[in-house]
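The values are calculated or read from the model by the stated rules, or taken from the named source; none is laboratory data. These numbers come from a predicted model, not from an experiment. Cβ atoms come from the backbone with ideal geometry, glycine included; neighbour counts cover every protein chain shown. We work out accessible area using only protein heavy atoms, side chains counted, and drop any ligands, DNA or RNA first. Shrake-Rupley method; radii C 1.70, N 1.55, O 1.52, S 1.80 Å.
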Amino acid sequence: MFFTAMAVISIITGHSHSLKAASSLGKDTLTMITSPDYPPYEFYETQGSDRQIVGFDIDIAKTIAQELGFKLKVMESDFNGLIPALQANRADFVMAGMTPTPERQKNVDFSIIYYEAKDTIVAPKTSSLKQPQDLAGKKVGVQLGTIQEQNAQKIAQKVPGIGLKQLNKVPELIQEIKSGRIDAAIVEDTVARGFAQANPELEFNVIPSESVSGSAIAFPQGSSLVKPFNQVLQQMQEQGKLEKLATKWFSQNTATNTVSSPSAKDGLNLDFTRIIPDIPFILKGIPLTLLFTLLSVFLGLIWGTVLSLCKIIGIKPLTWVANAYTSVFRGTPLLLQLALVYYATPQLTGYQISALEAGVLTFTLNSGAYMSETIRGGIQAVDKGQSEAAMSMGVPYWLMMRDIILPQALKNILPALVNETIGLLKDSALVSTIGVVEILRSAQIVGANKYIYFEPLLFAGLIYYVLVMGLTFSASVLERRLRQGE
Ligand code: ARG
């Protein structure tokens, strides 16, 4: 009824109905978040230096957004970060071939199911691991946070000796099978098919069980979008649009590239020509990585200086706070701090911190802690006589610091600062975990697309190395200049 009405109105008024639907929500763009490691549901398609998330889910999302009069923005994260993203109100909905499970339903709302799939066992053809019983004593890979993980756990309760390995992305599972580190993986049939086609040495067998994993759209709890989304889904179903899209994506091999890569037995035969078309895309990560590193170093240096002054100024509470701060930030993993800042900031402060901002903030806070110690050492190494002289001449403390002590300290600790910068440059790869497409992430995207692993990673490694060399060189030039100035 709703749609007939909408259709009639839209015939009369052209597109204006959509605008109304959109403006009633107070915005014109819907943000979807997905985990694009899942062809043909969602995966990256690269063309030259451009990349785009495409797939079955994306087509459905586009149709729904269009019907409701919204623009669509697609963001990405690892699968296990999708529900947290909804809870932090980072996105309006998730489409990621996600199955409504009771546990998930406690945290998010789901649409009706728009597609059903079955779990399969993916393994090398030669291993004849076809049924759950065959997995006894084997290492089995699953994607972290998925129902395949839960299903594998259930199988492991019945079949003895199964060792589970949880990885973040499906292509990593395939790679692990090929390199023989796991014996099999549990993957949905539609996804398994694409990977098996791209890797002829692999096969997949459906796990016979009555439970199918349906895919549904997830929303933040209480979202007003559930109803209109369901209506469009229903309409798409009735008009056969869903089936058309399913045939489009599931009946052919949608992988952009079907060349098989070498199995473990063939040894490592690298073929860099396969990534040549993607090189511009990987290179595009460089400016972002550099910007990120320089910003973090600069801000970290300022923050580190403040902290180090707190430590030596001789005011007990300040010293105490600065020391406690340093011990916390040096005593916990950077990756953990990054995830906390990224996921907790919106909930704690209401501010929608972007991945890049979260990265710079975390790295500044973290490197400030390390630098504060370096700078403190540098300050204390400056001859005591100088500060005594300055004080006896009546130079105020902070002027003395700024004009006399700090410049000398900085010169002395330059090598240590270069070390810190190099560390930050390489650690910047960590922001790939919260979805910033820097060098490492671009390389992973290319790998996932082409079902290859080593070549893009080696290439990314080369880029990092060249950047670090460049940095080392400029630092030694700078140091020489400073020494000449003495
Ligand atoms: N259907 C499974 C689940 O809900 C797996 C989905 C994985 N999706 C992805 N984009 N990697 O747990």
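Odds and ends about this structure:
- Of all the numbered requirements in (1) among the acidic types (D, E); (2) closer than 26 Å to Y44 by Cα; (3) away from the ligand (no atom under 15 Å from the Cβ), D119 misses one, and that requirement is (3).
- Test: residue in the stretch 352-371 that is of a type in the set (D, E) and either touching a residue at least 24 places away in the same chain (Cβ under 8 Å) or loosely packed, with under 13 Cβ neighbours inside 10 Å (or both): no
- Filtering the stretch 129-157 to residues that are more than 13 Å from D119 (Cβ to Cβ) and touching a Pro at 6+ places or on another chain (Cβ under 6 Å) leaves only A136.
Residue by residue, here is whether (1) at pLDDT 90 or above; (2) away from the ligand (no atom under 11 Å from the Cβ); (3) of a type outside the set (S, T, Y); (4) not in a helix (DSSP H, G or I) holds:
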site: K20; (1), (2), (3), (4): no, yes, yes, no
site: L30; (1), (2), (3), (4): yes, yes, yes, yes
site: I64; (1), (2), (3), (4): yes, yes, yes, no
site: E67; (1), (2), (3), (4): yes, yes, yes, no
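- Residue count for the stretch 441-467 satisfying the condition of being outside any helix (DSSP H, G or I) and aromatic (F, W, Y): 2.
- Among the residues of the stretch 331-363, those that are more than 21 Å from R441 (Cα to Cα) and at pLDDT 95 or above comprise G331, T332.
- Cβ-Cβ under 6 Å pairs, at least 6 apart or on other chains, the stretch 47-64 side farther than 10 Å from M32 by Cβ, far side within 16 Å of the ligand (Cβ to nearest atom) and hydroxyl-bearing (S, T, Y): R51/Y44; G55/Y41; F56/Y41
- Flag for I112 being out of contact with any Gly (no Cβ under 6 Å at 6 or more places or on another chain), surrounded by fewer than 17 Cβ atoms within 10 Å (Cβ to Cβ) and not in a loop (DSSP other than H, G, I, E, B): yes
- Residue in the stretch 135-147 that is within 16 Å of the ligand (Cβ to nearest atom), open to solvent by 20 Å² or more (accessible area, probe 1.4 Å) and among the small types (G, A, S) present: yes
- Any hit, the stretch 403-417, residues being over 20 Å from G368 (Cβ atoms), open to solvent by 30 Å² or more (accessible area, probe 1.4 Å), of a type in the set (S, T, N, Q) and under 26 Å from the mean Cα position of the chain (by Cα): no
- Residue within the stretch 78-95 that is open to solvent by less than 10 Å² (accessible area, probe 1.4 Å), within 15 Å of the ligand (Cβ to nearest atom) and part of a loop (DSSP other than H, G, I, E, B) present: yes
- In the condition set (1) loosely packed, with under 11 Cβ neighbours inside 10 Å; (2) of a type outside the set (A, V, I, L, M, F, W, C); (3) within 18 Å of R483 (Cα to Cα), P396 is compliant with all but (3).
- No other residue among Q150, Q166, Q105, Q175 is closer than 18 Å to M95 by Cβ and either free of Cβ contacts under 8 Å to residues at least 24 places away in the same chain or within 16 Å of the ligand (Cβ to nearest atom) (or both) apart from Q105.
- A count restricted to the stretch 178-219 and to residues that are over 25 Å from the mean Cα position of the chain (by Cα), within 23 Å of T101 (Cα to Cα), modelled with pLDDT under 90 and not acidic (D, E) stands at 4.
- Against the criterion of being over 30 Å from A324 (Cβ atoms), in contact with a Gly (Cβ under 9 Å, 6 or more places away or on another chain), surrounded by 15 or more Cβ atoms within 10 Å (Cβ to Cβ) and of a type in the set (S, T, N, Q), S442 qualifies.
- Candidates V395, V321, V382, filtered to the one that is at pLDDT 95 or above and out of contact with any Pro (no Cβ under 9 Å at 6 or more places or on another chain): V321
- Selection within the stretch 178-189: residues that are open to solvent by 10 Å² or more (accessible area, probe 1.4 Å) and in contact (Cβ under 8 Å) with a residue 60 or more places away in the chain. The member of this set that is nearest to the ligand (Cβ to nearest atom) is D189.
- Selection from the stretch 195-222 of residues that are within 21 Å of S111 (Cβ to Cβ) and crowded, with 20+ Cβ neighbours inside 10 Å: S213, S215, A216, I217, A218, F219, P220
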